Amino acid sequence: MSSESTSSEAMPPPHAQIIQMGTASLVSAIVYAAAKLGIADHLATGAKSAAELAGPTGTHAPSLHRFLRSLAGFGIVTEQADQRFALTPLGEALQTGAPGSARASVLTLAGPMFWNSLAEFIYSLETGKPSFEKAFGMPVFEYLAQNPEAASAFSETMVGFHGQEPPAVAKAYDFSGIKTLVDVGGATGNMLATILSAHSGVHGVLFDLPHVVREAPAFLEARGVGDRVTIEGGSFFESVPSGGDAYLLSHIIHDWSEEQCLTILSKCREAMPPAGKLLLVEFVLPPGDAPHPGKVLDMVMLTMPGGQERTGAEYDELLRKAGFCLTRVIPTESPASIVEAVLA
């Protein structure tokens, strides 16, 4: 039997594939509940039964037992002979503070912010407006500014979600000729810290809203680059720090409408020296039917902040409108690419 026929037989029929896609929300809800209840944290010291966990988690023991059994089916916990449940290596990743920020990511990506926005998905398709604003009555970044706990979880989520990108970007681009790198909208500085760690001659300027950068000093110190970064608070719709050799915007442009993107880019253009470079780290969409995580993320941009992912040609068009010339698109070992541009 040929490998082609084996592959064909292993593939579920079309209706089964579609139905499987439709069950993704159920899986998401179950994993979110595990993160919200801190199941992995409660099991970190050893196996426990549902009865033992019910009190600390504030749950109904028989229902919790059924829930833990479902988590065992996902490989997050394992059920022992005495109906006690223990963490698996996969489940350990769901502990608070575990490498990769999985718990914070699940609480954000499968929590009310995303869930309520996606419930109004059709609204975005009908109007072109963010469904987040319909669900919450305000733009997403205004919501985060008013909810510090959600903002902290969101920042940690970005570290987890884009975890493989910083080392890939640091490796793919030659930063050796850059003395000062301005990270515009750099949050707590994860991308900047990774680049500085790989390129000892670079000084960094971390720029973001004051409430966003408040946790940056401790983070940068922990990464060993605190003495090589200047932190500035402000809005990139008003101005960005001047004098940088290169301006880095990692997953910033995809958040905003075209008009807002042109404003951000104009502020970068005003701050840049004639020989400066603009570096956009984004999911550059491939043409045609090729699958890419950015095509799904594009729907998040549509429904939440009102931005969009773009193809290389679309970035070229946007940058020309902003007074830049796209010089190259550099792939990395992650799904993200580096879009390099100079002043036109």
Worksheet item: Under a GNM of the chain (C-alpha, springs under 10 Å), which listed residue has the highest mean-square fluctuation: 206, 109, 64?
Response: 64
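In whole angstrom, how long is each semi-axis of the equivalent ellipsoid of the chain, when you take the square root of 5 times every eigenvalue of its Cα gyration tensor and sort them from largest down? Please list the in-between numbers first.
Working: eigenvalues 292, 124, 85 Å².
For the chain, the ellipsoid semi-axes come out as 38, 25, 21 Å.
Beta carbons within 10 angstrom, averaged per residue: use that to sort the peptides 11-24, 175-188, highest first.
On the way: 11-24: 9.4, 175-188: 21.1.
Descending packing order for the listed peptides: 175-188, 11-24.
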Worksheet item: Under 5 Å between amide H atoms, partner at least 5 residues away or on a different chain: which partners does residue 246 have, H built in plane at 1.01 Å?
Response: 180, 182, 277
Worksheet item: Can you tell me the accessible area per residue over the chain, all protein chains present, probe 1.4 angstrom, in square angstrom?
Response: 48 Å²
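Ignoring ligands, DNA and RNA, please state the percent of accessible area on the chain from carbon and sulfur, probe 1.4 Å. If you can, show how the numbers build up before the last one.
Working: 9470 of 16630 Å².
So the carbon and sulfur contribution to the accessible surface is 57 percent.
Are there DSSP H segments in the chain that both extend 15 Å or more along their axis (alpha-carbon positions) and score a mean Kyte-Doolittle hydropathy of at least -1.0? List them, or say none. Walk me through the numbers before you get to the answer.
Working: long enough: 24-37 (20 Å, 1.62); 61-74 (20 Å, 0.34); 148-161 (19 Å, 0.41); 258-271 (20 Å, -0.36); 293-303 (16 Å, 0.88).
The answer, listed by residue number, is 24-37, 61-74, 148-161, 258-271, 293-303.
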Worksheet, complete the sentence: Whole-Å distance linking the alpha carbon centroid of the range 161-214 with that of the range 307-339 is 18 Å
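One quarter of the convex hull surface, Cα atoms only: what value does that give for the range 1-152 in nm²?
Seen from a random direction, the Cα hull of the range 1-152 projects 13.6 nm² on average.
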Worksheet item: Can you give the helix-only mean residue ellipticity at 222 nm for the chain, where every DSSP H stretch with n ≥ 4 adds -39500 (n - 2.57) and the sum goes over all residues, rounded to the nearest 500 deg cm²/dmol?
Response: -14000 deg cm²/dmol
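The values are calculated or read from the model by the stated rules, or taken from the named source; none is laboratory data. It should be emphasised that the depicted structure is a prediction, and the values quoted were computed from it without experimental measurement. Cβ sites come from the backbone with ideal geometry, for glycine too, and all protein chains shown count toward neighbours. Note: areas computed on protein heavy atoms with side chains; ligands, DNA, RNA excluded. Shrake-Rupley method; radii C 1.70, N 1.55, O 1.52, S 1.80 Å.
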